[in-house]
1. Averaged over every viewing direction, what's the projected area of the C-alpha convex hull for region 75-114? Give it in nm², one decimal, please.
2. With only alpha-carbon atoms counted, please give the Rg and Dmax of region 102-254, in Å.
3. May I ask for the percentage of alpha-carbon pairs in region 100-183 that lie more than 17 Å from each other?
4. Put one equal scatterer on each alpha carbon of region 246-290, apply the Debye formula with no solvent term, and list log10 I(q)/I(0) at q = 0.15 1/Å to two decimals.
5. So what's the gap between the Cα centers of region 94-140 and region 249-264, to the nearest angstrom?
6. Relative to the compact globular guide of 2.2 N^0.38 Å, what is the alpha carbon radius of gyration of region 143-191, as a ratio?
7. Expressed in nm to one decimal, what extension gain is obtained for the pair Lys38 and Glu252 from 0.36 nm per residue of sequence separation less their Cα-Cα distance?
8. Using a Förster distance of 22 Å, how high is the FRET efficiency between Arg85 and Ser49, based on the Cβ-Cβ distance and rounded to 0.05?
Amino acid sequence: SLSDSNPATQKPQTPQKQAKKKKEKLSALCKTPPPIIKNKDRIFHRGVSLGEGGFARCFEVRDLNNKQFAAKTVAKASIAQEKTRKKLLSEIQIHRGVSHNNIVQFVECFEDNTNVYMILEMCSRGSLMDLMKTKKIILEQDAKNMTVQICAGIKYLHQEGIIHRDLKLGNVFFNEDYVLKIGDFGLAALVGRNKKYTVCGTPNYIAPEVLTGSKTTGHSFEVDVWAIGIMMYAMVFGKPPFQCKEVNKIYEKVKTIDYEFPVNKGVSKEAQILIRDILNLHPQMRPSIDEILDYPWFGSNFPKKLSYTVSGAKDVNGN
Ligand code: ADP
């Protein structure tokens, strides 16, 4: 997320190559934290690595009551630049101020000589991206349930004046009980007077108005609604709608809304109608979060709980 994603200055690149470059940059800077991490009188025992991202590594930690948390660790060496430091401070400032059942809870944050630590609610079931890797597609009834939870979290953020700006399968997590938690506030923006014009986000989820940079309107809360549409499509069809090897080709497709609904995938008409309405070129024409929840797709009965369960994590087909 720190890399230059401005399509104008970018060489043809695959999303995979971008991710690899990022990881190389990170591993050069980030050392494994000590086995015991201290914040004044609070002590955390470090456990296994949970994964790494653009500029952070996550570790499982336990406090003295044996309560589990995720520690997002950023090497101080990687925030030497003013710009990067400001970005991390903004992430912390926005994330620490929010609290909702469908948002990864920020617990506390502190530093030692080498790292900055953000202690977060533990999401032991991993991300929706991880789930998709094993499931390939998400059953529509589960996709409905997850979409409702994503909408609840995003509605809350929007009411607080926060645009997430990096909603994607990899930033949506599950706790032990499969309650959905939106995480990663690295690109989030607090909106007040000034609208945001910078190009950011992940190619597959980027909204067209962000690419065309129509400075007359700026871009706003509607970019999160767009990303919800992309996630819905990705869940029920198994891949994002504008999927392409080259980033620039993805951008071209996004700007012309060039995607199709695969036939014979058994996805309901109601799901397709909602996705179609969300993926509108004009941000103002997209449904609001409340309007999304009024769509017929949610009308039919569907289980209030995900079919992934604490015991065995099976779906209704027994997979
Ligand atoms: P990025 O740098 O791409 O924003 P993060 O630093 O947020 O990624 O997270 C890196 C990895 O750590 C994620 O891919 C995920 O697997 C894991 N992770 C992040 N947050 C949590 C959490 N709250 N609970 C469990 N695992 C997490």
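1. If you wrap the Cα atoms of region 75-114 in a convex hull and average its projections, you get 3.2 nm².
2. Expressed in Å, the Cα Rg and Dmax of region 102-254 come to 16.1, 48.
3. Cα-Cα pairs in region 100-183 separated by more than 17 Å: 52 percent.
4. For region 246-290, the Cα-only Debye profile gives -0.49.
5. 30 Å
6. 1.12
7. Working: separation 214, 0.36 × 214 = 77.04 nm, distance 4.85 nm.
Length difference between fully extended and current span is 72.2 nm.
8. Taking R0 as 22 Å, the efficiency between Arg85 and Ser49 is 0.35.
Rule-based calculations on the coordinates, nothing more; no lab input. Because the structure is a prediction, the values reported are computed rather than measured. Reconstructed Cβ throughout: ideal geometry from the backbone, glycine too, with neighbour counts over all protein chains shown.
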